[in-house]
Amino acid sequence: MQREDCFYFGKVIKTHGIKGEISIRVDADDPEAYRRLEYILMEVNNKLVPYFIESFKILGDKAYVALDGIDSHEQALTFSGKEIFLPLDLLPELNENQFYYHEVPGYLIIDEVAGLIGELTQVLEYPNQALFQLFKGDKEILIPIQDEIIKKVDKPNKTIYIRAPEGLIDLYLNS
């Protein structure tokens, strides 16, 4: 399995107990949706390797995981700091106006006032805010990803309709 066929699920933050369990910080809106995972993927020598799960307990945004064949603290310690991935087909279904960040680059962004702004280049994720990044000519435009701004997501036509805060787009275009 290739990394582009997967999504980031979380990171091993430490070992848990003395029997080889690991503690994962889960990066998901609803960690409970993954309660029945059969395996996780971790990168080893630039390849994603599956590790099968013996037990998986969720508490908030953390998961306590026992992996098949890992039965000592020393073995589990080798996983500390490793990123965890899952195949894209394990992502939960979203309603029509929701999207995953990896699926929207290339979408057109249309503002209720300014009209067609441009094609979404990427989603920039910052600690306090995620932003759409797009360019109109040589001008970069950053638009906050907020429910109040996003009015409609048209997935079949790869278009996102927004109402940008007053003056935001002009601020970028006239600077």
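In region 75-134, which residues are aliphatic (A, V, I, L, M), surrounded by fewer than 13 Cβ atoms within 10 Å (Cβ to Cβ) and in a loop (DSSP other than H, G, I, E, B)?
Answer for region 75-134, where residues must be aliphatic (A, V, I, L, M), surrounded by fewer than 13 Cβ atoms within 10 Å (Cβ to Cβ) and in a loop (DSSP other than H, G, I, E, B): just Val113.
Hey, among the residues in region 141-164 that are without any contact (Cβ under 8 Å) to a residue 24 or more places away in the chain and farther than 21 Å from Gln122 by Cβ, which one's surrounded by the fewest Cβ atoms within 10 Å (Cβ to Cβ)?
Pro156
Let me spell it out: the conditions are (1) farther than 30 Å from Glu21 by Cβ; (2) modelled with pLDDT under 95; (3) not aromatic (Phe, Trp, Tyr), and Asp89 meets all of them except one. Which number is the exception?
(1)
The values are calculated or read from the model by the stated rules, or taken from the named source; none is laboratory data. The model shown is predicted, which means the values in this text are computed figures rather than measured ones. Every residue, glycine as well, gets a Cβ built from its backbone with ideal geometry; the counts of neighbours run over all protein chains shown.
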